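Working notes, beginning with the structure itself.
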Amino acid sequence: FAAALAEGARWTRSPAAKRAAVLERAADLIEARRAVFVHLAVREAGKTIGNAIGEVREAADFCRYYAQQIRAIAAQADGTPPGPVVCISPWNFPLAIFVGQISAALAAGSPVLAKPAEQTPLIAAFAVVLLHQAGIPRAALQLLPGRGEIIGAPLTADQRVRGVIFNGSTEVARM
């Protein structure tokens, strides 16, 4: 949290056009490494090859969609990002939803603490590597893999959190 608040503030202050360009580079990198993502999705999440290819396409589409959205919104409004956002993704969409959550928060200028499903940390780790390569600072996007009760619960309970993006059951969300 200290890094997200201090060093991640540079990402928060970066112009919307820069954030959009970085997300578009991330989409290009995701597509360029499609074979690696397909392999990871099949091995780690039990996806079929067809479903894994769909995951890659959707992840890249999310990056481009939020890049487009932030450009449009920035031209119309002067918003302030809420601050650190925790993103908790499910195992059954380990790339698409993971990247979608992250790219939405990053497009808005919020630093992200990303907690992937405990069953699929490798695909998440590779995605974060590529997002960093695209230009997202390490402090603005941090990967925190682990069990929900050990990592997710303390993250979401921390008073420095300004938003939580979560996909999962209502029961788990309440916990």
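Scan the range 142-159 for residues that are assigned to a loop (DSSP other than H, G, I, E, B) and of a type in the set (D, E, K, R) and the total you get is 2. Going by the structure shown, is Ala74 in contact (Cβ under 8 Å) with a residue 40 or more places away in the chain and open to solvent by 20 Å² or more (accessible area, probe 1.4 Å)? It is true that Ala74 is in contact (Cβ under 8 Å) with a residue 40 or more places away in the chain and open to solvent by 20 Å² or more (accessible area, probe 1.4 Å).
Reported count of residues in the range 160-175, each being in a helix (DSSP H, G or I) and surrounded by fewer than 12 Cβ atoms within 10 Å (Cβ to Cβ), is 3. Residues in the range 36-67 that are open to solvent by less than 80 Å² (accessible area, probe 1.4 Å) and of a type in the set (A, V, I, L, M): Val36, Val38, Leu40, Ala41, Val42, Ala45, Ala52, Ile53, Val56, Ala59, Ala60, Ala67.
The single condition from (1) open to solvent by less than 30 Å² (accessible area, probe 1.4 Å); (2) under 28 Å from Glu171 (Cα atoms) that Ala134 fails is (2). The condition of being open to solvent by 90 Å² or more (accessible area, probe 1.4 Å), touching a helix residue (DSSP H, G or I) at 6+ places or on another chain (Cβ under 8 Å), basic (Lys, Arg) and modelled with pLDDT of 95 or more holds for Arg33.
The residues in the range 138-159 that are in contact with a Phe, Trp or Tyr (Cβ under 7 Å, 6 or more places away or on another chain) and surrounded by fewer than 17 Cβ atoms within 10 Å (Cβ to Cβ) can be counted, and the count is 1.
The values are calculated or read from the model by the stated rules, or taken from the named source; none is laboratory data. Keep in mind that this is a model prediction, so the values were computed, not measured. Please note: Cβ atoms are built from the backbone with ideal geometry, for glycine as well, and neighbour counts cover all protein chains shown. With ligands, DNA and RNA removed, areas are computed over all heavy atoms of the protein, side chains included. Shrake-Rupley method; radii C 1.70, N 1.55, O 1.52, S 1.80 Å.
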